[in-house]
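Scroll down for the structure; my scribbles are underneath it.
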Amino acid sequence: MSAKEDTLAVLAEGNRLYEERFGHVFLISAAGRGAQDVVAVLRQRIENDPATELNVAAEEQSKITRLRLKSMLSS
């Protein structure tokens, strides 16, 4: 397996565990982050309690939405 395939496998497994724990997929604004950064954040956030993680995921969704709106408005 290549390093890229290894990273994708780690992310897939981490997301599976995250979804089991929190009931939704892992949300992260990945803009400006590399794959290893995303893996590190996933590992850190899976340790959050459900209430904290719900707040973090909501903030990440907000960041994603703002980036999409900015992209749409600048087109």
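Here, each number is a calculation from the coordinates, and none is a lab measurement. Keep in mind the model is a prediction, meaning the values are calculated, not measured. Note: ideal-geometry Cβ built from the backbone for every residue, glycine included; neighbour counts use all protein chains shown.
Observations on the model:
- Among the residues of the range 1-32, those that are charged (D, E, K, R) and within 24 Å of Asp49 (Cα to Cα) comprise Glu13, Arg16, Glu19, Glu20, Arg21.
- Residue in the range 15-39 that is farthest from Arg68 (Cα to Cα), counting only those that are of a type in the set (Gly, Ala, Ser) and under 10 Å from the mean Cα position of the chain (by Cα): Ala30
- Within the range 28-68, the only residue that satisfies the criterion of being in contact with a Lys or Arg (Cβ under 7 Å, 6 or more places away or on another chain), within 17 Å of Arg16 (Cβ to Cβ) and among the β-branched types (Val, Ile, Thr) is Ile46.
- Subset tally (residues that are among the polar types (S, T, N, Q) and in contact (Cβ under 8 Å) with a residue 12 or more places away in the chain) for the range 1-26: 2
- A Cβ distance below 8 Å, combined with a sequence gap of six or more or placement on separate chains, defines the contacts here; from the range 44-71, residues that are in contact (Cβ under 8 Å) with a residue 24 or more places away in the chain and within 22 Å of Leu11 (Cβ to Cβ) reach residues that are among the hydroxyl-bearing types (Ser, Thr, Tyr) and in a helix (DSSP H, G or I) in the pairs Arg45/Tyr18; Ile46/Tyr18.
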